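Q: Below is the structure I would like to discuss, written out as structure tokens.
The values are calculated or read from the model by the stated rules, or taken from the named source; none is laboratory data. Because the structure is a prediction, the values reported are computed rather than measured. Here the Cβ positions follow ideal geometry from the backbone for every residue, glycine too, while neighbour counts run over all protein chains shown.
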Amino acid sequence: MSQDAIRELTEQRYKYGFVTEIEADQAPPGLSEEIIRLISAKKGEPEFLLQWRLKAYRHWLTMVEPRWAAVKYAPIDYQKIVYYSAPRPKKQLGSLDEVDPELKRAFEKLGIPLAEQARLAGVAVDAVFDSVSVATTYKGKLAEKGIVFCSFSEAVKDHPDLVERWLGSVVPAGDNFFAALNSAVFSDGSFVYVPRGVRCPMELSTYFRINAENTGQFERTLIVADEGSYVSYLEGCTAPMRDENQLHAAVVELVALPGAEIKYSTVQNWYPGDAEGRGGIFNFVTKRAKAMERAKISWTQVETGSAITWKYPSCILQGDDSVGEFYSVALANHRQQADTGTKMIHIGKRTRSTIVSKGISAGRGQNTYRGLVRMQKGATGARNHSQCDSLLIGDECGAHTFPYIEVKNPTGQVEHEATTSRIAEDQLFYCRQRGLSEEDAVSMIVNGFARRVLKELPMEFAVEAQKLLGMSLEGSVG
Amino acid sequence: MLRIQGLKAKIGDREILHGLDLAVNAGEVHAIMGPNGSGKSTLASVLAGREVVEVTAGTVTFDGQDLLALPAEKRAAAGLFLGFQYPVEIPGVANLYFLRTALNAVRRARGQEELDAMDFLALAKEKLKLVKWDQSFVQRAVNEGFSGGEKKKNEILQMAVLEPRLAILDEIDSGLDIDALKVVAGGVNALRAKDRATILVTHYQRLLDHVKPDVVHVMAAGRIVKSGGPELAHELERSGYEQLAPPRGEARAP
């Protein structure tokens, strides 16, 4: 977004007032073909996209909500959700003093710089403008290399051919209940295209995709890495994210063409609800990648937020010699429930996959690893190694592991290791005897447990994620 | 420096310390010897603030302050160090990082400036010489995959870095071969100073051949039953504990 656009936005606020405008530009609750036509029209979408949404919607109507995950929640009324409201800036505050003290304390603990704190909390200060100028320089550098990095809506306008070609190529419109819902009503998200042979010179972060509007609860991301290219993408941030929408159903599709590599890192810290689990976000996400010959996909996730997490970033290893990796830390404290894992579908010859899952359960949290390793008939010489470790803190939480293994080719090699351990009183005492507070001791032990995953994260992200793990466990011991 | 009076403590329902008195002055090295089950390790745990041990009577002061009122980490900050009989493994946490975090926690509590990574590395290199280790040991996770002897040396390394005013070493000599024993003893001797004190909890005389104690105590059935000079340790080595220690039933009688 340019300086002009920002000015326009700010002026608009003063001119018309803020609240009435929203009221005027919001669809009534509920979902119907009419609403979908409205969404598509409001966004000025091409015909193919409208048809795609409608197809997804019609398919969704025939589907039932999945119930196989080890999570419990009250039924969701899909007709009570508002599926379209106009893009709007976040509510802005006059200064950092107006920010929720709880949020500010979290920022300080995470060591987030002041300017960024202001941006995250929606404070109208110069810092916001600073980040716009940073983003502009950033965009210029990417454009030089021919890399497209923009909001999904912009991509539909500026690169409709790319969108039409790849949208739904990994997660089809009717893939599963939540993906179908997303396909029908998605609001916005990110789009990345890296041209053939280009190595993206910097980490692409949603932080820099200046997006004053809320991307909302149905986010859609599509990343295409053309032959021999490389890109590293960072999603989310460690700062606590609150949202009035309880249901979030995002879809992420990654396409790695022959010889390409995509590294996708997530830190998810949506509001988990209070200690009793009230008001937390339901996060039902479909993430999947397709890897062609010699391509490599690496998913890294640190999941500390949300009341319910339902998420299985997967790799379809279609091309020969393609590689899939999944590194995950999932933390469930208080009443949080996480059912997360991955699917590695080996289709090509000599495809390799690695799964490292670290589940941490505390309070009355329930943490489930659910993973599928499938080796198709043609996957000669395919290999997988899975390591699933669980760490328990306290005696009211739970850890569960469901590894599914299907091997249809006799040359396939699958290894699965699993451990469950508990933070022991003697470990805590040892740390405290050396001068660490109990909180710091827990944080250190947990970070040691998660180390193999954290070291896959880009440096700065890893440092914040480390602090985040400690913070998310505050008060869970003793 | 340390003054223990009438200390009684229990684990669960079982009283293990039955009214123990001990005074340790700055500059002294004390050895506490005694048979298994006499309460030596429980005493070390009480002093370090382990919560599974419950103090039921008595007082402990450390530099004049009430030690028992402090949580374990505050005792560490006040300069009390416990060398563990069974050092704990912390997987995935690099030894160097653990040491720096511990030192900085203690420095912070004392109002001193924290050391940055570079300064700390310089300090650690210096201290590593004491235990004759190269840097590879501190890159490894805390005690993970360490042999018994390596774990004990790691305790000495931690002590050397933290420079406590009072070090309590709980059977630091058990399971050591003679070379490791010399290294451990060298580490203890290096820390001897006018303003510091050490308590060695041990079964055997052999550590005391390398670290000469100022006072030797014999512990039996939850009490200190005899104290003396270094010669007492030799006497014990010759005649065993039986003569010095009254039968346990008697000691427990009110």
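Q: Here are some residues: B:L7, B:L96. Which one is touching a residue at least 40 places away in the same chain (Cβ under 8 Å), on the phi < 0 side of the Ramachandran plot and in contact with a Gly (Cβ under 7 Å, 6 or more places away or on another chain)?
A: Checking each option against the conditions leaves just B:L7.
Q: Further question on the same structure: Considering only residues that are of a type in the set (V, I, T) and modelled with pLDDT of 90 or more, which ones fall in segment B:132-174?
A: Residues satisfying the conditions are B:V142, B:I156, B:V161, B:I168, B:I172.
Q: Sort out for me the helices (runs of 4 or more DSSP H) sitting completely within segment A:387-478 that have 2 or more residues that are within 11 Å of chain B (Cβ to nearest Cβ) and of a type outside the set (F, W, Y).
A: By residue number, A:425-433, A:438-454.
Q: Could you tell me how many of the residues in segment A:116-175 are at pLDDT 70 or above and on the phi > 0 side of the Ramachandran plot?
A: Number satisfying all stated conditions: 2.
Q: Additional query: Just the residues that are farther than 19 Å from A:I316 by Cβ, out of contact with any strand residue (DSSP E or B) (no Cβ under 7 Å at 6 or more places or on another chain) and surrounded by 23 or more Cβ atoms within 10 Å (Cβ to Cβ), please, taken from segment A:164-186.
A: A:L181, A:A184, A:V185
Q: Specify the residue that is farthest from B:A77 (Cα to Cα); the eligible residues are those in segment B:158-206 that are of a type in the set (A, V, I, L, M), within 14 Å of chain A (Cβ to nearest Cβ) and assigned to a helix (DSSP H, G or I).
A: For segment B:158-206, the residue satisfying everything is B:A160.
Q: Separate question: Which of the strands (runs of 3 or more DSSP E) contained wholly in segment B:16-110 include at least 1 residues that are more than 14 Å from chain A (Cβ to nearest Cβ) and of a type in the set (A, V, I, L, M, F, W, C)?
A: Because the criterion is at least 1 residues that are more than 14 Å from chain A (Cβ to nearest Cβ) and of a type in the set (A, V, I, L, M, F, W, C), the strands (runs of 3 or more DSSP E) in segment B:16-110 that meet it are B:29-33, B:53-62.
Q: Of all residues in segment A:395-408, which are in contact with a strand residue (DSSP E or B) (Cβ under 7 Å, 6 or more places away or on another chain) and either without any contact (Cβ under 8 Å) to a residue 60 or more places away in the chain or of a type in the set (D, E) (or both)?
A: Residues satisfying the conditions are A:G398, A:A399, A:T401, A:P403, A:Y404, A:I405, A:E406, A:V407, A:K408.
Q: Additional query: Restricting the search to segment B:167-215, which residues are in contact with a strand residue (DSSP E or B) (Cβ under 9 Å, 6 or more places away or on another chain) and of a type in the set (G, A, S)?
A: Within segment B:167-215, B:A167, B:S174, B:A197 qualify.
Q: Could you count how many residues in segment A:439-457 are in contact (Cβ under 8 Å) with a residue 24 or more places away in the chain and surrounded by fewer than 17 Cβ atoms within 10 Å (Cβ to Cβ)?
A: Result for segment A:439-457: 2.
Q: Considering only segment B:143-190, state which residues are out of contact with any Gly (no Cβ under 8 Å at 6 or more places or on another chain), aliphatic (A, V, I, L, M) and crowded, with 18+ Cβ neighbours inside 10 Å.
A: Once the filter is applied, which keeps residues that are out of contact with any Gly (no Cβ under 8 Å at 6 or more places or on another chain), aliphatic (A, V, I, L, M) and crowded, with 18+ Cβ neighbours inside 10 Å, segment B:143-190 yields B:V161, B:L181, B:V183, B:V184, B:A185, B:V188.
Q: Still on this structure: Would you mind finding the one in A:T354, A:T304, A:T368 that is surrounded by fewer than 22 Cβ atoms within 10 Å (Cβ to Cβ) and hydroxyl-bearing (S, T, Y)?
A: Of A:T354, A:T304, A:T368, the one residue that is surrounded by fewer than 22 Cβ atoms within 10 Å (Cβ to Cβ) and hydroxyl-bearing (S, T, Y) is A:T354.
Q: Here is a further query. Looking only at strands (runs of 3 or more DSSP E) that fall completely inside segment A:245-291, which ones have 2 or more residues that are modelled with pLDDT of 90 or more and of a type in the set (D, E, K, R)?
A: A:261-268, A:282-291
Q: From the residues in segment A:227-244 that are closer than 21 Å to A:T354 by Cβ and hydroxyl-bearing (S, T, Y), which one is modelled with the highest pLDDT?
A: Here the answer is A:Y230.
Q: Considering every residue within segment A:310-317, establish whether at least one is of a type in the set (S, T, N, Q) and either within 30 Å of A:S472 (Cβ to Cβ) or touching a helix residue (DSSP H, G or I) at 6+ places or on another chain (Cβ under 6 Å) (or both).
A: Scanning segment A:310-317, I find at least one residue that is of a type in the set (S, T, N, Q) and either within 30 Å of A:S472 (Cβ to Cβ) or touching a helix residue (DSSP H, G or I) at 6+ places or on another chain (Cβ under 6 Å) (or both), so the answer is yes.
Q: Further question on the same structure: Looking at B:A76, B:A69, can you tell me which residue is crowded, with 16+ Cβ neighbours inside 10 Å, at pLDDT 95 or above and among the small types (G, A, S)?
A: B:A76
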